Every structure is written in structure tokens, then in C-alpha cells.
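The values are calculated or read from the model by the stated rules, or taken from the named source; none is laboratory data. Predicted model, so just to flag it, every value in this text is computed and none were measured. Cβ coordinates were reconstructed from backbone atoms using ideal geometry, including for glycine residues, and neighbour counts include every protein chain displayed. Each accessible area value is taken on the protein alone, full model and side chains, heavy atoms only, with ligands, DNA and RNA left out. Shrake-Rupley method; radii C 1.70, N 1.55, O 1.52, S 1.80 Å.
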Amino acid sequence: MLSSSLLLTLFFITLVIAVLSGLIFLIPSVPVQYIRLHLILLLLPVIVGVIGLITIQDREVVGIFALDKLAWLVGAFVLALGFIIQKFSMRYLLGDRNYRKYFTLYTFTTVFASIGWLSNDLRLMTLCWGLTLFCLTQLIRLNRSWKVPAEAAKVSARSFIIGWLALLLAVILLYVGTGEWAINPTQNYDFAIGYGMKLLIDLLLVLAVIIPAAQYPFQSWLIESVVAPTPVSAIMHAGIVNAGGIILTRFSPVFDNHIALTVLLIISSISVLIGSGISLVHVDYKRQLVGSTMSQMGFMLVQCALGVYSAAIIHLILHGVFKATLFLQSGSIVKRFNIPTPPNVKRSYAWTVLGRALAIIIAIIFFMTSKHNAYTLISAFILAWSLSVSWNQMVALNRGVMGRIIGIAMLVIVAFVYVITHQVFVDILDSVYMVPSHPPLFSAILCIAILVLGSVFSIWVARRRTSTAFAKVYLWLIKIGEAKFKSVESHPNYLKKYL
């Protein structure tokens, strides 16, 4: 079995090789076909990361790095996503005048992110996170002859700077209070630093995670960034916006102040509803995905605020794979020719009612057989809602008996695969040390109330489509889901000189 120090050495050697390969590709005399070799070299650190994930058992500190299953899992995940997206970009971006620069920036983005999550030194983690955000901003504005991406990059940069400075200040205050640049999992920080400073640190952490997660009211940067090429959006939604879950997991021994947890729960719960609304009212596919990401990241942060960090990690990884897939196949989403007409809604009403009843029964069974806490109650509510929506789409609104049977079979298969996948990740994260937070009961009840009442209100408004309330809610969701005028251009003006 390879030692942790040897694995770490191999990991950094392969990362250096990948970075140098990206820089070599910038040389104009290097043929474009070199990209095939570059992609092979990108696989090397992924292989080392997977080996580290399989072989490591307990947390080990090697110099300024803390190696556990979470570190190797996230590091390998980010690099694997980077490889897949660059493989897709090999043909997708062919012919772009910035073709070479894209691959170099992709490589730097994933390399900095993977190093940051392996770091035990908060200074290195903060530096790497800042460099990751910087490279992402450069990816957004790489087409410098088009003013729209440049404007989107400015909005993103301003948001990133605020979030990064909040994290930096939290790290500095933690050092002032403890005299250490690392988080000790066994230390009681309630005694190590005063209540006021700890509250300030936790509130800064809340700000540091809700901005990259595009939580309300900081969702504008993600909305503006849809002008970036699809592979850039893929890596953004799959490997950057979900970093808040990793940050809070690493800071879990510190992040347990009741006020900060309540603030995070409220913001995240509201963002779940708003993000869902944006994805429903917009017709632009990428804006629908932005709303979906905003909602999903809200629920991930709810999981963190409730102290269920392992569930948040599983969520962010599965969301990353799912959202990257949606973005990379967005070019083929437009349906052509004949669009089948759905069956009569009235004829499907009985099936809809049956689906809702089954969803409620399954959610109650899930709650009764799990730990009776706030997280399982919220999870039961989300489970019932998800099952109800899935049943409508795959069963109730399907045509014919055979179509409904196939829909039910697909639901069963998806549920089975999810249970197995979830258990695999639970086993992987079982040895990772996480300090669960305990938000006040009032905060958990408030979170549930926001989700339930918001859902009920949305159903009520949706059924009153001729009312003033429906018009106001609809137009408000349209407005907050739209980019600024400077970031919208139906026909890029810079192309006129080539016509």
C-alpha cells in the first residue's frame, strides 16, 4: 500500500505535468493535435486521486496538507470533471480564436481547486480558492472583442472579491483568536475565542459561501455569466458554485453559532423557492439551469446549516455531475419536428392524485424510519415534492397503460440506483471527521415554514393565472432572472467586421 506522503508527491508531480502541458499548448508552433496528449496527461492526477481515495483510511497530516477521504474525493472529482469538460471542448471550441487559452485556464482552474481542498493550512486554501475564482473570471471574459462577456466578468469579479475577502477576514480573525492557521478538529472553539469574535467569523463564513453559491440576493453574477461558452458554464455550475459545502465542512468545528446558522437557513430556504421560480418562468434553457442551480445550492446550504455535512457533500457531487451533463448536452435540447401533445389533464387527474398520495405515504415512512430531527423532516418534505413532480412527468401525464408502466419502472430503477449510490458515498465519508452543528429549534421550524408556505403560495398563485398576484410574482421572477442590459446582445456586434 502506498504511503500518504508518496501519494501526495505523485499527485503534485502529475499536477505539475498537467500545468506545464497546458502552458506548452499556448505556444503557437505547437500543433493543435497536441490537445490529445494534454488530455492523457490530465488523467494522471485523477488516477492518483482515486488511488488515494481507495487506499487511505484515517486522516493524516502531511506537512501543510490534511489527507482524508473527503480531500481525495473532492480533489479527484474536480479534476475528473475538468478532464471531461476539456474532452468535450476539444471539438466544441474548435475554431475559436482563443482555443488554446481555454484549455490552459481550465487546467489552472481545476488544479488550484484540487490543491485548495487538500490543504490543511487556511492561508493556502484561501489563496487557492482566490486563484480558482480568478481563473474562472478570466474564462468568462476570454473573448475580449465581445463586450457582453467583459461586462459579465466585471459583475462576477465584484461578487467574487466580496466573497473571497469575507473568507480571508474570517481566516485572519480565526488566527487572531487561536494563534493557528489550521483548524483543529478536536479543539473546542467556544472556549478558544470569544463569543463576539466567533459570531463575526461565522457570519463572514456565511457571506463567503452564499456568494459563490448564487444565493439571493447575490444571484446576479451567475445569471450574467450565461453568456460564457457552454463548457465554461459547465465547470462553473459543477465545480465552483458548490464549493460552499466543502468550505463549511472544513470549518465545521468553528461554524456552530446559532445566529449565523439561522441567517444561513433563512437565506438558503428563500433561495430554494426563488431559484425554483426562476427555472419555471424563464424560457432560456441556460437561465433555467441557473435557477435550478440556485435552488439546489440553497438546499445544500440548508443541509450544512442543519449539520448534515455528509449529505451536503453527496449532494454537491451528484449535483455537479448532473448539472455538467445538462450543460454539455444543452446544444441538443431543442426539440425538432413533431412535439407530442400531452394527454388531457382531466383524464390524468386520478393518476396525479394517486401520485401525490403515494408521495406523502413514502415521505411519512421515510421520516418514521429515520432519526426524528429537523433535517429528516425537511428531507421528507423534499422527497414528497420530488416524487410528486416525477410521478406527474413520468406516469400521470404519460400516454397509455404501457407508457405509465414504463414510467413507474423508470422511477423504481432511478430510486434503486440512488439508494446504492448514496450508500457508497456514505461509506466513503464515514471516516471523515465532521462536527455537526445544532441550530435552534426555532430556526429549523422557520426553515420548514418558509419551504412549505412558499410552495403552497406558489400553487395558489399558479391556479389564479388571471389574478394580479400571479402577474406580479411572474414578472418579479422574470426580472430577477434577467441579466443587465449591458450583458445581453442578440447579435454580437464584434462579428460585423467579419461580414
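Among the residues of the range 233-269, write down those that are small (Gly, Ala, Ser) and in a helix (DSSP H, G or I).
Taking the range 233-269 as the starting set, the residues that turn out to be small (Gly, Ala, Ser) are 233-234, 238-239, 243-245, 252, 260, 268-269.
Ser233, Ala234, Ala238, Gly239, Ala243, Gly244, Gly245, Ala260, Ser268, Ser269, listed by residue number.
Would you tally the residues in the range 136-154 being in contact (Cβ under 8 Å) with a residue 24 or more places away in the chain, part of a helix (DSSP H, G or I) and open to solvent by 10 Å² or more (accessible area, probe 1.4 Å)?
3
Under the condition of being of a type outside the set (A, V, I, L, M) and open to solvent by less than 20 Å² (accessible area, probe 1.4 Å), which residue from the range 32-64 is farthest from Arg250 (Cα to Cα)? Step through it out loud before you land on a result.
The first filter runs over the range 32-64 and keeps only residues of a type outside the set (A, V, I, L, M), leaving 33-34, 36, 38, 45, 49, 52, 55, 57-60, 63.
Filter again for open to solvent by less than 20 Å² (accessible area, probe 1.4 Å), leaving 38, 45, 49, 52.
Details: His38: 32, Pro45: 22, Gly49: 19, Gly52: 19 Å.
Out of the qualifying residues, it is His38.
Considering Leu475, Leu453, Leu411, which residue is within 29 Å of His282 (Cα to Cα), in contact with a helix residue (DSSP H, G or I) (Cβ under 7 Å, 6 or more places away or on another chain) and either in a helix (DSSP H, G or I) or hydrophobic (A, V, I, L, M, F, W, C) (or both)?
Numbers: Leu475 fails: in contact with a helix residue (DSSP H, G or I) (Cβ under 7 Å, 6 or more places away or on another chain); Leu453 fails: in contact with a helix residue (DSSP H, G or I) (Cβ under 7 Å, 6 or more places away or on another chain).
Unique residue meeting the criteria: Leu411.
Scan the range 215-236 and tell me whether some residue there is closer than 18 Å to Ile317 by Cα and polar (S, T, N, Q).
yes
Which ones in the range 383-436 are aromatic (Phe, Trp, Tyr) and open to solvent by 80 Å² or more (accessible area, probe 1.4 Å)? Working first, answer last.
From the range 383-436, those aromatic (Phe, Trp, Tyr) are 385, 391, 416, 418, 425, 433; that's our starting set.
Passing the criteria: Trp385, Phe416, Tyr418, Tyr433.
Are any residues in the range 81-104 touching a Gly at 6+ places or on another chain (Cβ under 8 Å) and under 17 Å from Leu37 (Cα atoms), and if so, which ones?
Across the range 81-104, the qualifying residues are Gly82, Phe103, Thr104.
For the range 282-329, what are the residues that are in contact (Cβ under 8 Å) with a residue 40 or more places away in the chain, open to solvent by 20 Å² or more (accessible area, probe 1.4 Å) and part of a helix (DSSP H, G or I)?
Within the range 282-329, Tyr285, Lys286, Arg287, Phe299, Ser310, His315, Leu318, Val321, Leu328 meet the criteria.
Name the residues in the range 269-281 that are closer than 11 Å to Leu222 by Cβ and open to solvent by 30 Å² or more (accessible area, probe 1.4 Å), would you?
Step one: filter the range 269-281 for residues closer than 11 Å to Leu222 by Cβ, giving 275, 278.
None - no residue of the range 269-281 is closer than 11 Å to Leu222 by Cβ and open to solvent by 30 Å² or more (accessible area, probe 1.4 Å), so the list stays empty.
Condition (residue is under 22 Å from the mean Cα position of the chain (by Cα) and not assigned by the TED database to the domain that holds Leu205) applied to the range 151-162: is it met by at least one residue? Please lay out each step first, then the result.
Filtering the range 151-162 down to residues under 22 Å from the mean Cα position of the chain (by Cα) leaves 152-162.
Right, trim to not assigned by the TED database to the domain that holds Leu205 and you get none.
Within the range 151-162, none of the residues are under 22 Å from the mean Cα position of the chain (by Cα) and not assigned by the TED database to the domain that holds Leu205.
Please determine whether any residue of the range 112-122 is open to solvent by 10 Å² or more (accessible area, probe 1.4 Å), more than 25 Å from Phe77 (Cα to Cα) and outside any helix (DSSP H, G or I).
For the range 112-122, residues open to solvent by 10 Å² or more (accessible area, probe 1.4 Å), more than 25 Å from Phe77 (Cα to Cα) and outside any helix (DSSP H, G or I): absent.
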